[in-house]
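The values are calculated or read from the model by the stated rules, or taken from the named source; none is laboratory data. Here the structure is a predicted model, which means the values were calculated and not measured. Neighbour counts run over all protein chains shown; Cβ positions are idealised from the backbone, glycine included. These area figures cover heavy atoms from the full protein model, side chains too; ligands, DNA and RNA do not enter into them. Shrake-Rupley method; radii C 1.70, N 1.55, O 1.52, S 1.80 Å.
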Amino acid sequence: MLESVWFILWGVLWAVYFALDGFDLGLGTLVPVLAKSDVDKRIIYNSMGPFWDGNEVWLITAGGVTFAAFPTTYAVMFSGLYSALMIVLFALILRGVSFEFRGKLDSPMWTAIWDGCVVLGSFVPALLLGVAFANIFEGIPIDEAGVFQGNLFTLLNPYGLLGGVLFLCMFTTHGALWLAVKTEGPLHDRAAALARKLWLALAVVAVIFLVATWFATRLYDNYLQNPFVFTIPIVLIPVILVAALFMMRFYMGKGSWWKAWFASGLTIIGATLFGVAGLYPNLLPSSLNPAYSLTIYNSSSSPLTLKIMLGVALTFVPIVIAYQSWVYFMFRDKVTEDHLAYDEAY
Amino acid sequence: MDVLMLSRLQFAAATFFHFLFVPLTLGLSVLVAIMETKWVRTGDEEYKRMAKFWGKLFLINFAIGIVTGITLEFQFGTNWSRYSRYVGDVFGSLLAIEASAAFFLESTFIGVWAFGWDRVSPRLHMVSMWLVAIASNLSAVWILTANAWMQHPVGYVIRNGRAELDDFMAVVTQPFAMQQIIHTVAGAYILAGFFVMGVCAYHLLRKQNVEFFTRSFRIAAAFALIFSLVEVVQGHVHGGEVAKIQPTKLAAMESLWDTTDNAPQYLFLIPDEKNERNLVEIGGIPGALSMLAYHSPSATVKGLKDFPKEDRPPVLPTFIAFRVMVGLGLLFPLLALIGWIKRNRLMENAGYLKAMLFAMPLPYIALQAGWIVAEVGRQPWVVYGMMRTSDAVSPISGSQVMGSFIALVGVYTLLGIAAFYLLARYARKGPQPSSSEATA
């Protein structure tokens with residue numbers, strides 16, 4: 001039971017991470033497409049300014065919770081996905097400092113270097129996080145001892161890459177919507193138009209991904225043969241996913257950008273939970289032999305640790321959500337050229 | 001090179017680099033919060049200028065400290081997966097608590113502070129900086145508690161083929177963790193104090209913004225003086241704790257080969273690790289080592305030869321790092337004290353100001369040396385007495401680690417240069433002209 005509670009929490013933490021950092025990773029990727037001038041770029045960076053750092057901590061928390069609740073999974077997953085993870089980390093490092101550094105020198109070359117780091121540092125994690133999760137869904141070649149029998153290119157299989165493309169579509173749509181929320185004038189119009197196009201791409205890729213999931217993974221097994229108690233939540237997730245996807249388009253059509261952005265976040269959460277629920281009770285299936293898979297039972301921490309950490313999580317996560325929501329509310333207005341005169345602006 | 005050596009080098013490089021920036025974050029956040037509090041309390045705009053100027057340097061430094069922290073957390077899984085599997089039940093929770101209780105607070109409110117000057121009331125803005133300061137220091141508390149557990153594992157049982165948590169309170173309240181926390185945080189405050197004093201000295205020597213930098217200097221000097229005194233006293237107690245729980249580390253710190261009663265402390269000494277002796281020993285003070293370690297001149301101090309060769313840490317780096325740390329640690333209160341005494345006559349003491357300018361790198365060196373003592377001195381164990389470093393490494397290919405190590409050194413070097421350049425540039429630029437100057 002305790003393991004199952006932690007499984008849900010684990011899935012939710014990753015889902016929230018993707019829904020939050022997703023928009024700034026997506027928007028960072030879109031900078032070259034959306035920005036026509038240096039002012040545009042700065043408006044885009046400042047639209048994420050007070051948020052991106054706090055968003056990224058959800059990744060650290062999701063990682064930390066994997067370590068605390070399922071140490072064996074943490075060990076096998078992170079060492080198995082070694083090269084992919086290292087690339088993600090370097091990308092995030094470069095991206096993080098770029099925001100702070102780019103405006104600090106009056107040199108076009110300096111600015112161009114950090115602008116490049118923002119794009120690369122946003123695109124690469126968006127793609128690779130999708131690749132990683134798709135690989136988790138289909139299982140990775142781990143042997144009996146939990147040793148990964150493959151390399152970076154094992155992960156770049158067709159289904160893995162499809163997962164990467166799906167994440168890119170989700171995140172860029174999410175990012176374009178965020179910019180539509182936060183700006184006005186031509187930049188807003190470009191973001192809005194792009195969001196509509198990206199939504200279409202997302203819908204198409206999502207359908208292809210769901211069909212491919214049928215062939216490449218065993219996720220649907222859980223949906224088809226789950227025990228009765230899990231039926232309602234598990235059936236609810238795909239319903240929410242599809243509903244959120246269409247709500248997003250509906251609000252985009254009406255020009256309700258905040259609502260469209262929320263629906264987009266809900267879509268990302270639904271998509272993540274859809275995959276995670278299908279894994280249950282596995283955390284990391286082995287593609288070599290199902291018996292080698294890491295499950296919530298064979299890789300979890302002791303009941304004492306799980307209990308203590310549950311107390312910690314149930315105390316702090318709501319508090320974090322409360323103050324982060326307050327920050328989003330506080331900085332809810334649109335970012336305009338006037339904001340760039342602010343001393344600490346990016 | 002093998003996976004073990006590469007992984008160790010990579011972890012060392014990542015920690016070294018992370019810890020170039022973190023101490024300044026820990027200390028400067030408190031200093032900026034103090035300055036801003038003075039502004040809110042007195043309404044004196046000069047303090048607001050101070051918070052803004054030092055805050056700008058803080059932000060540059062903070063960005064790099066934050067992003068390099070992510071690599072460290074993930075490396076336990078990528079490079080030390082056997083370790084993570086074996087001790088994750090105890091160790092993983094501490095990292096997860098750090099993220100959820102401290103890191104979120106720090107990363108969220110730094111955004112409020114940086115972007116909120118015109119958005120929130122001065123009081124709330126000041127509170128944001130205090131939250132950043134408290135959260136970064138809390139973060140250090142949790143990380144050091146985790147590290148203290150590696151130095152001195154408590155509150156666990158070996159069960160199901162791994163170390164499982166048995167007594168959570170024993171882990172989070174163990175005295176050795178408290179020692180490490182005070183020792184490291186005080187060190188960070190010294191570094192921040194010397195950083196601020198050094199930048200002030202630069203401007204005072206050029207007679208720029210004299211009033212502004214004299215006032216900044218005074219705050220930093222008091223801060224550095226208090227914590228460098230704390231450090232000397234606490235460092236002594238800390239050494240005693242190490243003697244009790246990590247005898248091999250103490251013996252390596254002192255390069256003591258034979259178990260000795262009334263053990264002397266040598267002023268000058270050259271270890272000869274190969275032949276298990278010291279090449280040169282000059283200026284022995286009888287009983288001084290026994291006194292330092294056990295507070296009694298006649299106490300017996302265990303020598304390295306009493307331990308099997310495979311249980312001894314590398315002597316030379318531990319020994320040198322310890323001497324460097326202690327030597328500098330004794331210099332800091334002296335320099336800070338002079339500064340505090342001369343705080344109202346700084347302009348007449350160009351020699352001292354020059355010394356303080358050149359003293360800026362010293363706390364950085366002392367803090368890195370401290371980590372070498374703590375971590376190299378703990379070898380060959382990853383968890384002292386419980387798990388060897390060689391049993392902790394991931395079953396991965398050496399080429400992968402070689403690739404990531406080269407990338408890490410390359411990326412970090414470039415980032416380090418960029419950060420240093422920006423810090424130096426903005427430190428030299430000085431504060432924004434005050435509103436009265438601007439209108440005049």
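Within region B:275-294, does at least one residue satisfy the condition of being under 18 Å from B:Tyr384 (Cβ atoms) and either assigned to a helix (DSSP H, G or I) or in contact with a strand residue (DSSP E or B) (Cβ under 7 Å, 6 or more places away or on another chain) (or both)?
yes
If you go through region B:95-139 one residue at a time, how many are more than 7 Å from chain A (Cβ to nearest Cβ) and of a type in the set (Lys, Arg)?
1
If I ask for residues that are in contact with a Lys or Arg (Cβ under 8 Å, 6 or more places away or on another chain) and under 30 Å from B:Lys249 (Cα atoms), which ones from region B:339-373 would you list?
Within region B:339-373, just B:Val373 meets the criteria.
Within region B:110-124, count every residue that is in a helix (DSSP H, G or I) and open to solvent by less than 20 Å² (accessible area, probe 1.4 Å).
Counting residues in region B:110-124 that are in a helix (DSSP H, G or I) and open to solvent by less than 20 Å² (accessible area, probe 1.4 Å) gives 5.
Can you tell me which residues in region A:109-121 are among the β-branched types (Val, Ile, Thr) and either within 18 Å of A:Leu168 (Cβ to Cβ) or open to solvent by less than 20 Å² (accessible area, probe 1.4 Å) (or both)?
Across region A:109-121, the qualifying residues are A:Val118, A:Val119.
Test A:Val124 against the stated conditions and say whether it is at pLDDT 95 or above and surrounded by 23 or more Cβ atoms within 10 Å (Cβ to Cβ).
In short, no.
Mind checking which residues of region B:153-169 are within 11 Å of another protein chain (Cβ to nearest Cβ) and open to solvent by less than 40 Å² (accessible area, probe 1.4 Å)?
B:Gly155, B:Arg162, B:Ala163, B:Glu164, B:Leu165
Sort out which residues of region A:120-157 are among the aromatic types (Phe, Trp, Tyr) and without any contact (Cβ under 8 Å) to a residue 24 or more places away in the chain, and write them in order of number. Can you show your working first?
Applying the first criterion (among the aromatic types (Phe, Trp, Tyr)) to region A:120-157 yields A:123, A:133, A:137, A:148, A:153.
A:Phe153, the sole residue that qualifies.
For region B:1-34, which residues satisfy the criterion of being more than 23 Å from the chain's Cα centre (by Cα) and in a helix (DSSP H, G or I)? Outline the logic, then answer.
Step one: of region B:1-34, the residues more than 23 Å from the chain's Cα centre (by Cα) are B:1-6.
Those that are more than 23 Å from the chain's Cα centre (by Cα) and in a helix (DSSP H, G or I): B:Val3, B:Leu4, B:Met5, B:Leu6.
Here is a yes/no grid of residues against (1) in a helix (DSSP H, G or I); (2) open to solvent by 10 Å² or more (accessible area, probe 1.4 Å); (3) under 30 Å from B:Ala33 (Cα atoms):
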site: B:Val196; (1), (2), (3): yes, no, yes
site: B:Thr214; (1), (2), (3): yes, yes, yes
site: B:Ala220; (1), (2), (3): yes, no, yes
site: B:Phe223; (1), (2), (3): yes, yes, yes
site: B:Phe227; (1), (2), (3): yes, yes, yes
site: B:Gln234; (1), (2), (3): yes, yes, yes
site: B:Gly240; (1), (2), (3): yes, no, no
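For the structure I just gave you, tell me whether B:Pro313 is part of a loop (DSSP other than H, G, I, E, B) and either open to solvent by less than 20 Å² (accessible area, probe 1.4 Å) or touching a Phe, Trp or Tyr at 6+ places or on another chain (Cβ under 6 Å) (or both).
It is true that B:Pro313 is part of a loop (DSSP other than H, G, I, E, B) and either open to solvent by less than 20 Å² (accessible area, probe 1.4 Å) or touching a Phe, Trp or Tyr at 6+ places or on another chain (Cβ under 6 Å) (or both).
Hey, among B:Leu256, B:Leu250, B:Leu267, which residue is surrounded by fewer than 16 Cβ atoms within 10 Å (Cβ to Cβ), within 27 Å of the chain's Cα centre (by Cα) and not hydroxyl-bearing (Ser, Thr, Tyr)?
Step by step, each of B:Leu256, B:Leu250, B:Leu267 is checked, and only B:Leu267 is surrounded by fewer than 16 Cβ atoms within 10 Å (Cβ to Cβ), within 27 Å of the chain's Cα centre (by Cα) and not hydroxyl-bearing (Ser, Thr, Tyr).
Can you find a residue that is within 30 Å of the chain's Cα centre (by Cα) and within 21 Å of B:Ala201 (Cα to Cα) anywhere in region B:318-328?
yes
Quick one: is B:Met150 over 15 Å from B:Ser93 (Cβ atoms) and open to solvent by 10 Å² or more (accessible area, probe 1.4 Å)?
no
Of the conditions (1) more than 8 Å from chain A (Cβ to nearest Cβ); (2) free of Cβ contacts under 8 Å to residues at least 24 places away in the same chain, B:Val32 fails just one. Which one is it?
Every listed condition holds for B:Val32 apart from (2).
Being more than 7 Å from chain A (Cβ to nearest Cβ), surrounded by fewer than 24 Cβ atoms within 10 Å (Cβ to Cβ) and over 21 Å from the mean Cα position of the chain (by Cα), is that true of even one residue in region B:57-78?
No: zero hits.
Just give me the residues in region B:274-284 being under 26 Å from B:His236 (Cα atoms) and surrounded by 12 or more Cβ atoms within 10 Å (Cβ to Cβ), in sequence order.
If the condition is that a residue be under 26 Å from B:His236 (Cα atoms) and surrounded by 12 or more Cβ atoms within 10 Å (Cβ to Cβ), then B:Arg277, B:Asn278, B:Glu281, B:Gly284 are the ones that fit.
Yes or no, residue by residue, for (1) touching a Cys at 6+ places or on another chain (Cβ under 6 Å); (2) more than 10 Å from chain A (Cβ to nearest Cβ); (3) outside any loop (DSSP other than H, G, I, E, B):
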site: B:Gly385; (1), (2), (3): no, yes, no
site: B:Ile396; (1), (2), (3): no, no, no
site: B:Ser399; (1), (2), (3): no, no, yes
site: B:Ser404; (1), (2), (3): no, no, yes
site: B:Tyr412; (1), (2), (3): no, no, yes
site: B:Ile417; (1), (2), (3): no, yes, yes
site: B:Ala424; (1), (2), (3): no, yes, yes
site: B:Ala427; (1), (2), (3): no, yes, yes
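Those residues that are more than 15 Å from A:Gly22 (Cα to Cα), open to solvent by 20 Å² or more (accessible area, probe 1.4 Å) and assigned to a helix (DSSP H, G or I), I need them from region A:153-195; list them, please.
A:Phe153, A:Thr154, A:Pro158, A:Leu161, A:Leu162, A:Gly185, A:Pro186, A:His188, A:Asp189, A:Arg190, A:Ala193, A:Leu194
Residues in region A:284-296: is at least one touching a strand residue (DSSP E or B) at 6+ places or on another chain (Cβ under 8 Å), of a type in the set (Phe, Trp, Tyr), in contact (Cβ under 8 Å) with a residue 40 or more places away in the chain and more than 9 Å from chain B (Cβ to nearest Cβ)?
Yes.
Here is a list: B:Leu408, B:Leu335. Which entry is open to solvent by less than 40 Å² (accessible area, probe 1.4 Å) and either within 26 Å of B:Thr214 (Cβ to Cβ) or touching a Leu at 6+ places or on another chain (Cβ under 6 Å) (or both)?
Going through B:Leu408, B:Leu335 in turn, the sole match is B:Leu335.
Of these, B:Thr42, B:Thr37, B:Thr25, which one is open to solvent by less than 20 Å² (accessible area, probe 1.4 Å) and either facing chain A (nearest Cβ under 10 Å) or among the hydroxyl-bearing types (Ser, Thr, Tyr) (or both)?
So the residue among B:Thr42, B:Thr37, B:Thr25 that is open to solvent by less than 20 Å² (accessible area, probe 1.4 Å) and either facing chain A (nearest Cβ under 10 Å) or among the hydroxyl-bearing types (Ser, Thr, Tyr) (or both) is B:Thr25.
Name every residue in region B:323-342 that is modelled with pLDDT under 95 and aromatic (Phe, Trp, Tyr), in order of residue number.
If the condition is that a residue be modelled with pLDDT under 95 and aromatic (Phe, Trp, Tyr), then B:Trp340 is the only one that fits.
Does A:Leu279 fit the bill of being open to solvent by less than 30 Å² (accessible area, probe 1.4 Å), within 14 Å of chain B (Cβ to nearest Cβ) and touching a residue at least 60 places away in the same chain (Cβ under 8 Å)?
For A:Leu279, the condition - open to solvent by less than 30 Å² (accessible area, probe 1.4 Å), within 14 Å of chain B (Cβ to nearest Cβ) and touching a residue at least 60 places away in the same chain (Cβ under 8 Å) - is not met.
Look at region B:375-396 and say how many of its residues are under 25 Å from the mean Cα position of the chain (by Cα), among the small types (Gly, Ala, Ser) and surrounded by fewer than 23 Cβ atoms within 10 Å (Cβ to Cβ).
Residues meeting the conditions: 1.
Which is surrounded by fewer than 16 Cβ atoms within 10 Å (Cβ to Cβ), more than 29 Å from A:Trp258 (Cα to Cα) and hydrophobic (A, V, I, L, M, F, W, C), of A:Leu294, A:Leu314, A:Leu310, A:Leu306?
Residue meeting the stated conditions: A:Leu310.
Based on this model, can you work out whether B:Val127 counts as part of a helix (DSSP H, G or I) and in contact with a strand residue (DSSP E or B) (Cβ under 8 Å, 6 or more places away or on another chain)?
no
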